[in-house]
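Worksheet: one structure, shown below.
The values are calculated or read from the model by the stated rules, or taken from the named source; none is laboratory data. Because the structure is a prediction, the values reported are computed rather than measured. FYI the Cβ positions are ideal-geometry reconstructions off the backbone, even for glycines, and counts take in every protein chain you see. Remember, those area values only see protein heavy atoms, side chains included, never the ligands or the DNA or RNA. Shrake-Rupley method; radii C 1.70, N 1.55, O 1.52, S 1.80 Å.
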Amino acid sequence: KIKNPYLHKEGYNCFGCCPDNPIGLHMEFFEDGDDVISFWHPQEHYQGWVGVMHGGIVASLVDETFGWVVTRKLQTAGMTSKLEIRYKHPLSVNDSQYTIRARITNRRAHLVFMSATIENAKGEVCVEAESVYYAFDEEKAKEMGFSHCDVENEQLLSM
């Protein structure tokens, strides 16, 4: 399990990963080789159309996971420059779990190219996404409150 380096930072209230944000996604992340993974449990209040996950929430799930790839794999902070999403199948708010998996596919200077998928509980790929992320240099990352990102002594288990 990846330790959240922002947990005790004053003002931290990220919609994606802050466990104390009352309307947030409460995402947690795990490292699996080159991948960063999140197991996420949908709730009805994240729907767009009846019973279907809102597309903006789906985009938030992959965007947040991309951010954690940069945080853990490159040990820095950054920001999304480009996000492309292909919605292959609707995501039901009644599914028991979604698995978001992302990895770096290329890197040029500060630009980090990544890909991600979201699978439903049956293992079907419902979403494919690609991102270009701007990774901050060490000085800018420190200015943004980042110092380092470690993992706990937990093994990755499907939740």
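Just a few scattered comments:
- Computed from phi, the 3J(HN,Hα) profile of the range 115-127 under the Karplus parametrisation 6.51, -1.76, 1.60 (θ = phi - 60°) reads 10, 8, 9, 10, 10, 7, 5, 8, x, 7, 6, 9, 9 Hz, with x in place of Gly and Pro.
- Taking amide H atoms as placed 1.01 Å from N in the peptide plane, the amide H of K88 lies under 5 Å from those of V127, E128, each 5 or more residues away in sequence or on another chain.
- On Cα atoms only, tilt of 55-73 relative to the major axis of the chain in degrees: 30 degrees
- Where N is the number of residues in the chain, Cα Rg divided by 2.2 N^0.38 Å: 1.00
- Chain lengthening between H89 and F113 when straightened (0.36 nm per residue, less Cα-Cα): 6.3 nm
- At 1.306 mPa s and 10 °C, Stokes diffusion of the range 1-73 via Kirkwood alpha-carbon radius, µm² per second: 121 µm²/s
- Computed from backbone phi with θ = phi - 60° and the Karplus coefficients 6.51, -1.76 and 1.60, the 3J(HN,Hα) list for the range 133-142 is 10, 9, 8, 6, 6, 4, 5, 5, 4, 5 Hz; x is used for glycine and proline.
- Qualifying lysines (Cα of each under 29 Å from Cα of K9; at least 8 residues distant if same chain): K1, K73, K82, K140, K142
- Scanning residues 5 or more positions from R107 or on other chains, those with amide H under 5 Å from its amide H are F113, with H placed 1.01 Å from N in the peptide plane.
- 222 nm mean residue ellipticity, helices alone, for the chain (DSSP H n ≥ 4; -39,500 (n - 2.57); rounded to 500): -5000 deg cm²/dmol
- The string of couplings for the range 80-93 from the Karplus curve (6.51, -1.76, 1.60, θ = phi - 60°) is 5, 9, 8, 9, 10, 10, 10, 8, 8, 9, x, 9, 7, 6 Hz, one whole number per residue in order, with x for Gly and Pro.
- Accessible surface calculations at 1.4 Å, restricted to protein heavy atoms, place the chain at 55 Å² per residue.
- Close amide H pairs (under 5 Å, H built 1.01 Å from N) link G48 with M53, H54, residues at least 5 positions away or on another chain.
- Packing-based ranking of 71-79, 8-16, 101-109 yields 71-79, 101-109, 8-16, ordered from highest to lowest mean Cβ neighbour count within 10 Å.
- Of all accessible heavy-atom area on the chain, the percent that carbon and sulfur account for (1.4 Å): 49 percent
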